[in-house]
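See below for the structure under consideration.
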Amino acid sequence: MNNSMDEGNSNKLRVITYLSPSIPIEFFQKIVYYLEEKLKKESYLMYESRWSGPCPDRVDPFTCDDVDIGFLCSTSFMKLLYDTKAPVELLPVAPVYSHPRSHGRPVYFSDVIIHKNNKERFKEFVNLRGCKWAYNDPHSLSGCYTTLRSLKQMGESASFFGHAIHSGTHVKSVQLVLDQTVECAAIDSNCLALLMQRNKDVAENIHILTSFGPLPVYPVAVNSRMPDKLKQDIASALREMHLDPKYGAELNKYLVSKFDEVNLDHYKMEEELRNDVSLVLLDKNVYY
């Protein structure tokens, strides 16, 4: 692979995130500011909220050479890497979120939530039969695949729910449970924790019925055209970010303790999960 950058972009870092609004855009802004300071490169952040990775109907920004670094869901990353053969590779670091079950690992969970008013009605996951269920994306590990796998293990299909409602984002799914448009949803645990931290209504009225996981946390992808030295410098800078007094405090604001080492083996779980539910089809969809 050509390890040269276009002359016009040699002193720039072009970053894109597909993880907001589930993870606040401010978190990625802090990362960009930090990398700009450490690497002495002009850094820019692009924000795409419609999908959790490059739109499959469009040429991805890595192939177009429009971005250098991408924050995206693991399903989208694996498709870029193995299906479309895009010029992308894994940056060998990922965020470690504070969670009582993570034990310092770069993982997260799928929290199945209900409104607190329904705590007596729904005591176990099996009690959700016939309910309206919201999910953010049909290719989301935490929002969809983990729930489908649990249904498969129960000998059920997606018809277990009365309706499957495609909300578009985890934040919207939480809102649908809050206003009781749906009875339940599966939510990225980091997104939910941040919402509970910042939104009193969510903290007081959302109840976690159960959690599935752990799941491999969202990967950081890099354009494989970048010089190897720059990739190494980016990874090293992120590994040391928590040691910086100013930026370490910023990480903590978003419930991240540090960036830790990962490799492709970390994401094999994603592929296994995706294959396991490949024949569990969603039906009775309603789109919001």
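The values are calculated or read from the model by the stated rules, or taken from the named source; none is laboratory data. As the structure is a computational prediction, the values presented were derived from the model and not from experiment. Methodologically, a virtual Cβ is constructed for each residue, glycine included, from the backbone with ideal geometry; neighbour enumeration extends over all protein chains shown. In case anyone asks, the SASA skips ligands and DNA or RNA and just uses the protein heavy atoms, side chains included. Shrake-Rupley method; radii C 1.70, N 1.55, O 1.52, S 1.80 Å.
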Exactly one of Ser20, Ser43 is without any contact (Cβ under 8 Å) to a residue 40 or more places away in the chain, closer than 26 Å to Glu240 by Cα, small (Gly, Ala, Ser) and not in a loop (DSSP other than H, G, I, E, B), and that residue is Ser43
Going by the conditions given, is Lys132 at pLDDT below 95 and either open to solvent by 20 Å² or more (accessible area, probe 1.4 Å) or aromatic (Phe, Trp, Tyr) (or both)? no
Ala237 - would you say it is in a helix (DSSP H, G or I) and closer than 25 Å to Phe28 by Cβ? yes
Got at least one residue in the range 76-98 being within 17 Å of Tyr218 (Cβ to Cβ), crowded, with 21+ Cβ neighbours inside 10 Å, among the hydroxyl-bearing types (Ser, Thr, Tyr) and in contact with an Asp or Glu (Cβ under 8 Å, 6 or more places away or on another chain)? no
Note on the range 90-102: residues under 25 Å from Asp233 (Cβ atoms) and assigned to a loop (DSSP other than H, G, I, E, B) are Leu91, Pro92
Scan of the range 51-89 for residues that are assigned to a loop (DSSP other than H, G, I, E, B), over 21 Å from Ser20 (Cα atoms) and in contact (Cβ under 8 Å) with a residue 60 or more places away in the chain, ordered by number: Asp65, Pro87
Which of the residues that make up the range 40-55 are under 19 Å from Gly143 (Cα atoms) and open to solvent by 80 Å² or more (accessible area, probe 1.4 Å)? Arg50
